[in-house]
Amino acid sequence: EKDKYKTWMPKFLVVKKDKDQRKSSDNVERNIFKSRRAMQKKARRWKKKFFRETFMYDKEINVINTATAKRSVSSKRRVDLPVTAGEQLDIIDVTEGNAVICCNSEGRYGYVLVEHLNFR
């Protein structure tokens, strides 16, 4: 009959007997960095998938050259990449027109006109 009137406690509030066997703070800190790295990897994968869908790009994503933006340019369309003066860009592919597909340091992809870029 004692158990019948026992107060209910959620599992996370119940004290565990093995409290002395906690992980050290170093292990916990490492786990935080591992999860952050995993999240960044997942974000990169998502950006590549988004890039492939948006640009209908089925080739291998390789950096063929690097360039620096001559001046800041805002994007007029969703597929254009906004750039700031002096920003380093990775060239992914050359299109038929006067634009190239670039990737910035944040991992964003888009078209940039060749006239705005300075090649080394």
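Can you report the number of residues in the range 103-120 which are within 24 Å of Lys49 (Cα to Cα) and either among the small types (Gly, Ala, Ser) or not in a strand (DSSP E or B) (or both)?
The number of residues fulfilling the criteria is 6.
Can we say Ala67 is farther than 20 Å from Trp46 by Cβ, open to solvent by 50 Å² or more (accessible area, probe 1.4 Å) and in contact (Cβ under 8 Å) with a residue 12 or more places away in the chain?
In short, no.
Of everything in the range 15-42, what is at pLDDT 80 or above and open to solvent by less than 100 Å² (accessible area, probe 1.4 Å)? Give them in sequence order.
Ala38
Does at least one position in the range 87-102 carry a residue that is closer than 25 Å to Gln40 by Cα and either aromatic (Phe, Trp, Tyr) or not in a strand (DSSP E or B) (or both)?
Checked the range 87-102: at least one residue is closer than 25 Å to Gln40 by Cα and either aromatic (Phe, Trp, Tyr) or not in a strand (DSSP E or B) (or both).
Go through the range 78-114 and count every residue that is open to solvent by 30 Å² or more (accessible area, probe 1.4 Å) and in contact (Cβ under 8 Å) with a residue 40 or more places away in the chain.
The qualifying residues number 3.
The values are calculated or read from the model by the stated rules, or taken from the named source; none is laboratory data. Because the structure is predicted, anything quoted here is derived from the model rather than measured. Note: ideal-geometry Cβ built from the backbone for every residue, glycine included; neighbour counts use all protein chains shown. Side chains are part of the model used for accessible areas, which takes the heavy atoms of the whole protein and leaves out ligands, DNA and RNA. Shrake-Rupley method; radii C 1.70, N 1.55, O 1.52, S 1.80 Å.
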